[in-house]
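Peer 1: First the structure, which I've put down as structure tokens, then a few questions once you've had a look.
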Amino acid sequence: MSIPSILVDASSSSKSVVSKSEGRPALIQTYEGHNDSVFCVAFFQDEQRLVTGSRDEGVRVWNRETGAQIGDALEGHTRVVLAVDVSRDGRTIASGSEDRKVRIWDAETEKLLRTLGHEGAVNLVHISPDSKRVATGSWDVKVRVWDIETGELAFKPIECNRMVRAVNVSPDGRTMASGSVDKTVRIWDVDTEEFLRTLGDEWTVYSVHISPDSKRVASGSADDKLRVWDIKTGELAFKPITCNARVWCVRYSPSGDRIASVADSIQIWNADTAENILSIEGPAHDNLIHSLSLSQNGSHLATCGAFEKTAFVFDITTGEQVAAYEHDDNVLNLAYSPSGRFIATACEDKKAYLWDAPEDPQPTVSIYLVSCTLLLIQCTSRRRYIYALVMPSHH
């Protein structure tokens, strides 16, 4: 595999840094019990449990420390589980599936609380920060927001013209943005149920992320552009940023002063000036980076690539590759734990794994990329893969 070449622009000068060291962290735990590929993984906020979703149609909860499955598998889906999320209060699990259903589970009793329906595969689930609502995106070209307690729609489904690729709810829970194949970003007021505006893009929108102050929304699209919009006016905050390929994922830092984008490389931008701060050119992956997650303070970035058996961790300030996690089969997803102590990986070998994360130094650049996954769904009838962008919420 190629060694990453890093371009760092900390002031007015830039320098190239080549990764020379690579850690081999020990495997802490293996979670074994699924009967087919594990597609998604999420930590509970207290890090004592993990939840996984699989092509075997099941959702399972695991004891982080012992590796034992907690209770029975959460059954009910009839097709591959594409997305899982855990509420911030730890009481609720949401899962979305190719069977067109969203299922809401009581995390303590394992009881199925309710089943919510779409007319197409559900590839996005996002529980709101207050744990009261869940936003879902589907191949039926609709975004729906549900009240978790009642199971009722919070407001009329958001109609997009083509498949929904991304959904994001603002940190204050009041604004929602969606991105679609129809080349639009749509903005809604969650409290008033009011549709605010449609923002036009040039090509398919793969990713959206609302700024911490809820005033701006960033979008990444297939025309190789990163755009930042003023939510109130609908105007671009500055000229679109040209990246080196289609932009699969965008994220704001918690402070709102940085934006990260993922194309053929990972790039960090000043959120006010659009100036490039750092570029990781050609990370140690041979293929598209389809899943990434940052540590709690944003110093380390974990990545895995399509059809690759090794996940990597990079120091985001120096570009140095600091860890490699080798598997026996393709890594389909990964996630940092909320504290940054652990990394969980979901694998095509029917297992999930827990690893020690590299020690997280104090950050010198304020970047935070919760997580972003370009999910590869292998169809059972043919050896082909469908791509769907999955953006877990706040863990």
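The values are calculated or read from the model by the stated rules, or taken from the named source; none is laboratory data. Fair warning: this is a prediction, and the values are worked out from it, not measured in the lab. Note that we place each Cβ from the backbone using ideal geometry, even for glycine, and neighbour counts take in every protein chain shown. Areas reflect the complete protein model, heavy atoms only, side chains present, ligands, DNA and RNA absent. Shrake-Rupley method; radii C 1.70, N 1.55, O 1.52, S 1.80 Å.
Peer 1: R0 = 51 Å: FRET efficiency of Thr233 with Gln69, Cβ-based, nearest 0.05?
Peer 2: Values: r = 50 Å, r/R0 = 0.99.
In this case the efficiency is close to 0.50.
Peer 1: Rolling a 1.4 angstrom probe over the protein chains, ignoring ligands and nucleic acids, what is the accessible area of Asp36 in square angstrom, nearest 10?
Peer 2: We get 50 Å² for Asp36.
Peer 1: Then there's this: Run the simple label-point estimate for Arg174 and Arg79 please: 7 Å along Cα→C-beta, distance reported in nm.
Peer 2: 3.8
Peer 1: How much accessible area per residue does segment 111-267 have, in Å², with a 1.4 Å probe?
Peer 2: Normalised by residue count, the accessible surface of segment 111-267 is 38 Å².
Peer 1: Now, a different point. Net charge around Asn168, counting only other residues with Cβ within less than 13 Å of its Cβ (Lys, Arg = +1; Asp, Glu = -1)?
Peer 2: Working: positive: Arg165, Arg174, Arg186, Arg216, Arg251; negative: Asp85, Asp172.
That sum, taken over residues with Cβ under 13 Å, equals +3.
Peer 1: Now for a separate question. Simple spin-label model, 7 Å along Cα-to-Cβ: Ile28 to Asp130 in nm?
Peer 2: About 3.3 nm, to one decimal.
Peer 1: Between segment 275-318 and segment 48-100, what's the alpha-carbon centroid distance in Å?
Peer 2: Using only Cα atoms, the two centres lie 26 Å from each other.
Peer 1: Excluding same-chain residues fewer than 8 positions from Lys183, which lysines have a Cα within less than 23 Å of its Cα?
Peer 2: Within reach: Lys142, Lys156, Lys215, Lys225, Lys232, Lys239.
Peer 1: Glu308's amide H: which non-local residues (gap 5+, or another chain) put their own amide H closer than 5 Å, with H modeled 1.01 Å from N in plane and none for Pro or chain starts?
Peer 2: Val331
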